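Input: a single structure, listed below in structure tokens.
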């Protein structure tokens, strides 16, 4: 083999058209990578916002479905328990003394009302919060100040023991299942009057 036919070995500068890596080139590559990470992070945050919005919409619509299911049976199931309500109001809300309030369902007759808090999944903190709201019901809705007020919680599922907690605190406990709702308190249950 003659020296002219021997393949030439390439130097590092010949295989890398941009020349050898220098600190400046590495720094630029890090900056480009950082920009790409920032863009990816921004896209993740946008996706998170969209998913959170969809979750709120789903939960809200699911809650409305449960409210409708319970409202459809509330008069008959309360009548079976001796509370002769005749009418219902959904989503009663207002503002009194600088406090916003909302009640999901109110069942009414001439002397009694039953305020129903509806949850897809009933949790202990829901019961505690609802009991606090019931204490203010006559102040927030003065047209009912001369009525007996009972409370009820309605739900599809519960955290363990929450229904028993609600009953122990004098609330009617309503379980929504399939296409109906029913009161699941013990037969000798006596509701608290607010």
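Annotations
- DSSP beta bridges fully contained in the chain are about 55 percent antiparallel.
- Gyration tensor verdict on the stretch 54-183 (Cα atoms; rounded if a/c is under 1.5, prolate if a/b is larger than b/c, oblate otherwise): rounded
- Label positions at residue 99 and residue 129, each projected 7 Å from the Cα along the C-beta direction, are separated by 1.5 nm.
- Using alpha-carbon coordinates, inclination of helix 124-140 to the longest axis of the chain, degrees: 50
- For the chain, calculated [θ]222 nm from helices alone, where every DSSP H run of n ≥ 4 adds -39500 (n - 2.57): -15500 deg cm²/dmol
Read the figures in this text as sums done on the coordinates, not as results from a lab. Please read all numbers here as calculations on a predicted model, not as lab measurements. Cβ: placed from backbone, ideal geometry, glycine included. Neighbour counts: every protein chain shown.
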